[in-house]
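Here, each number is a calculation from the coordinates, and none is a lab measurement. A quick note: this is a predicted structure, and the numbers were derived from the prediction, not measured. As a convention, Cβ positions derive from the backbone with ideal geometry for all residues, glycine included, and neighbour counts pool all protein chains shown.
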C-alpha cells in the first residue's frame, strides 16, 4: 500500500485463455483485499467464432485485427456483451464484486481512427479514469471491454471503435500508475532465438528484441504495450494464464513468465 491506499494492478486476460480451467479469477479475488485489481479482457477466439458464422474471415496486420464495419459490430457485441458479462458473473459467483463496463462508458477511452488500413480500430488519445476510481472506491473490480469512442466521428455508425486489448491495458496502467501490468496469455513468456524463456529483461533489451525480429507476430503489440504501460514506473509481466496459480505467483513476486522492468 502507498499512504494507506491500495496499489493498483492491471491484468489483461487474453481471449486465447478465456474459458480455460485456470485459477485467474479466483486468484484476483484473493489478492483484491491487498491491492486494487483492474481487468481488461480480450476476446479474439470468441470474436473469430462469431465472425465466422457471418462468413467474415479475420485479417491481421502486424498482430492487430483489421476491422471493417461488420467485424466491428460483431466485436462490440461479443466484447461488451457476452465476454464482459461472463467474466463479471464468474467473479460474482466466486464471491467477488465486479463492475462491467467498456471503454465507451463515461468516455473512458477517447479515440481517433488508428489508420484507414486497419479500419474501425481506435488509437487512444485520452483516458478518463475517474469512473475506475469510483468503482474501486466502492470495493468493486472494474472489468473493461476494449472499445473506445471516436471523438472525431461525424456519423453515428462511426462512433464505436475496436481497441487492441493489450494497448488498452497499457494505457490504463500508465494512467493509474499501477504497480504491475500483467498479461495472461497462452504462452509461457518471451522466448529468445533458441526458443528459451527469458525470465527478466529491461526496457532497452525489449526494444532490441523488437528491432531484431526475435519478437514477432502477436507478441509485438504485447511488448509495445508493456513498454508503454510502465512509463510511470512499475513492472510488466507476460505469463501463461492457463497455469493454475500463475497470477498469484506473479503478484507474490515469484519468478514466472517474463518480467520487464
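Between 48, 174, 62, find the one with the highest GNM mean-square fluctuation for the chain; connect C-alpha pairs within less than 10 Å.
Answer for the Gaussian network model of the chain: 62.
Among 61, 238, 39, whose mean-square fluctuation peaks in a Gaussian network model of the chain (Cα, cutoff 10 Å)?
In the Gaussian network model the winner is 61.
Give me the Debye-computed log₁₀ of I(q)/I(0) at q = 0.13, 0.22 Å⁻¹ for the stretch 40-173, equal point scatterers on Cα only, no solvent, two decimals.
Once normalised to I(0) and log-transformed, intensities are -0.52, -1.34.
Compute the length gained on full extension between residue 128 and residue 107: take 0.36 nm times their separation in residues and subtract their Cα-Cα distance, giving the result in nm to one decimal.
Working: separation 21, 0.36 × 21 = 7.56 nm, distance 0.65 nm.
Roughly 6.9 nm would be gained on extension.
Order these by the 10 Å Cβ neighbour count, fewest first: 200, 211. Could the numbers behind the result be given before it?
On the way: 200 14, 211 9.
The fewest-first ordering by Cβ neighbours comes to 211, 200.
Between residue 52 and residue 153, what is the FRET efficiency for a Förster distance of 35 Å, r being their Cβ-Cβ separation, to the nearest 0.05?
On the way: r = 28 Å, r/R0 = 0.80.
The pair residue 52/residue 153 has a calculated efficiency of 0.80.
Among 222, 195, 134, which one shows the biggest mean-square fluctuation in a GNM of the chain, springs joining Cα atoms closer than 10 Å?
Looking only at 222, 195, 134, the biggest GNM fluctuation is shown by 195.
Residue separation times 0.36 nm, minus the C-alpha to C-alpha distance between residue 261 and residue 23: what's the value?
Length difference between fully extended and current span is 83.1 nm.
May I ask you to derive the relative contact order of the stretch 8-260, considering only C-alpha pairs under 8 Å and at least 6 residues apart, and to give it as an integer percent?
Numbers: 529 pairs, mean separation 62.4, N = 253.
Here the relative contact order equals 25 percent.
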